[in-house]
Every structure is written in C-alpha cells, then in structure tokens.
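The values are calculated or read from the model by the stated rules, or taken from the named source; none is laboratory data. Owing to the predicted nature of the structure, the values given are computational and were not obtained by experimental measurement. Cβ: placed from backbone, ideal geometry, glycine included. Neighbour counts: every protein chain shown. Just so you know, the surface numbers come from the protein's heavy atoms only, side chains and all, with ligands and any DNA or RNA stripped out. Shrake-Rupley method; radii C 1.70, N 1.55, O 1.52, S 1.80 Å.
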Amino acid sequence: MQLPQFSLEGKVALVTGGSRGIGAAAARLLADAGADVAVSSRKLPDLEKVAAEVRERGRRSLALTAHAGRMDEISSLVDRVVGELGRLDVLVNNAGTSFFAPAIDMEEKAWDSVFNLDLKGLFFLSQAAARVMREQGGGSIINISSISGIRVQVSSGHYSIAKAGVIMATKVMAREWAPLGIRANCIAPGAIETRLYDAIYSQLPEERAEQAKNEARRRIPMARVGKPEEIADAILFLASDASSYMTGQTFAVDGGALLV
C-alpha cells in the first residue's frame, strides 16, 4: 500500500543529538521515508555509524560535530547542511541534557548548562533553519520536549522549566512562522529506553536500580517503557505532509503517564 503523504523524497533533514537513542532512530526512519539526513552531536565516531546506516538506505548523509548549546557552533551548522546537501526541509531539535539538582541548591552554572542546550540552542538553531526554509517556501520544525515540561519532575526542576519553555517556544515559532509556510510542532516523550533515562537510575546499586525501574513501569498505564522508534514514528508524522494542517501542537508520547 502506497502512502505518499508520509514520503520525504527530495527532502533534507537535520537531526541534533543524532548519535544514539531517539535521534538515531529518527535519522533511520526519515531516511526510510526518502529524506537525506544530516546528524549532529558532540562526538563523531557514533555519528558516523548513524550516517553509514542512512547511506545503506540509499540516501545521502552528513555527520557533523557541534555542541547544540554553544552559539559559535550552531551558527554554522545549518550553513554546512545546506552547503553539502543543498537545502533544509526538516529540523529535529532532539539534543538535550539533564541531571539531578534540587531547586533550592541550584547553581547558576548548572542552570545554564541545561538551558543553553535544551532551550537557547534549540531556539537559535530553529531560527537559522527558519531563515533557510523561508527562502524555500516552507519546512517543518520538530522540537523534542518532555512530559517533565508539563508535569514537574522533582529534583530536576531546571529541566522541567527548560522543557516547558520548549513547548512555548514551539507555539511562538508556529504562530509567527506559519505565514512563511513553516510548521513547528513538539513531542513530549515519557519514559523512553535511552541513555538519559538509564542515567536516572545510574547512582543506585544494580538490584535497587532494576527494582526502581519496575516500580516506575507499574506507574505507567501501559506498564512499559517506550522505545526510541516509537518517538521516531511521531517525528516522521510531523515531518511529512500527513500533518500538513497541524502546527503549534505538543504531542505526549508517554504510554499514558500524564493520565495518572
């Protein structure tokens, strides 16, 4: 069965945080849908593996090292993609970080490290992409937030605040850039099998960590942790014409966690 509304033939996508987890899964699926895909993160070896997987699917790919929270590094990222691949139609802002730090003990340096990557870098990379998309007549920006941006995550309040900011930034982009043909939407994942999720339990002894994970699963109505590929499916929907009349929206992909 042919589903042309999901095709990305002739499109170019950039996925930040593309070396593993959600970013890598998104890169592979966007390539399966026909897009050429550039992936970026801080470390080249893991990126090269993902870029090779994209090429195995018959698509062009770039592996670009850049820290998505540093203005001097993201300023040239879009130029490099357009210079090598000719255009930019889809931006997936997936790069992000977090760590535990109670709000009452929060230090400015810790705050800045999360906000620079999770919100400030996301905004200015989107701005650079939007300027290219404006000249092309449109494009799609997909921002990865978190259900922690909707419901407070205790002991990492800075992350919750930053991810709430991502949701509002998405609405601002969508409202202002709609006349330019640019859509902006947001995905708020719940618990997903990624290195960031495992880091939540990394300070616990192995047996206690597994027990804590099981307890967390039981609090999710679907009683399991999601897979990166399940977020990638939502990314493809928002990148493609299947969502052509949707902008400014945030989609929780969380196994029903926000219902509890």
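Test V166 against the stated conditions and say whether it is open to solvent by 10 Å² or more (accessible area, probe 1.4 Å), modelled with pLDDT of 95 or more and assigned to a helix (DSSP H, G or I).
For V166, the condition - open to solvent by 10 Å² or more (accessible area, probe 1.4 Å), modelled with pLDDT of 95 or more and assigned to a helix (DSSP H, G or I) - is not met.
Please verify whether the range 181-200 includes one or more residues that are touching a Pro at 6+ places or on another chain (Cβ under 7 Å) and open to solvent by less than 60 Å² (accessible area, probe 1.4 Å).
Within the range 181-200 (the criterion being touching a Pro at 6+ places or on another chain (Cβ under 7 Å) and open to solvent by less than 60 Å² (accessible area, probe 1.4 Å)), the answer is yes, since at least one residue qualifies.
Screening the range 38-66 for residues that are of a type outside the set (G, A, S) and closer than 24 Å to G137 by Cβ and picking the one that is most open to solvent (accessible area, probe 1.4 Å) gives R60. Residue count for the range 38-65 under the criterion of being among the aliphatic types (A, V, I, L, M) and on the phi > 0 side of the Ramachandran plot: the result is 0.
Show me the helices (runs of 4 or more DSSP H) found entirely inside the range 180-260 where at least 1 residues are hydroxyl-bearing (S, T, Y).
195-199
One residue stands out in the range 1-28 among those that are of a type in the set (S, T, Y) and open to solvent by less than 30 Å² (accessible area, probe 1.4 Å): the one that is farthest from L238 (Cα to Cα), namely S19.
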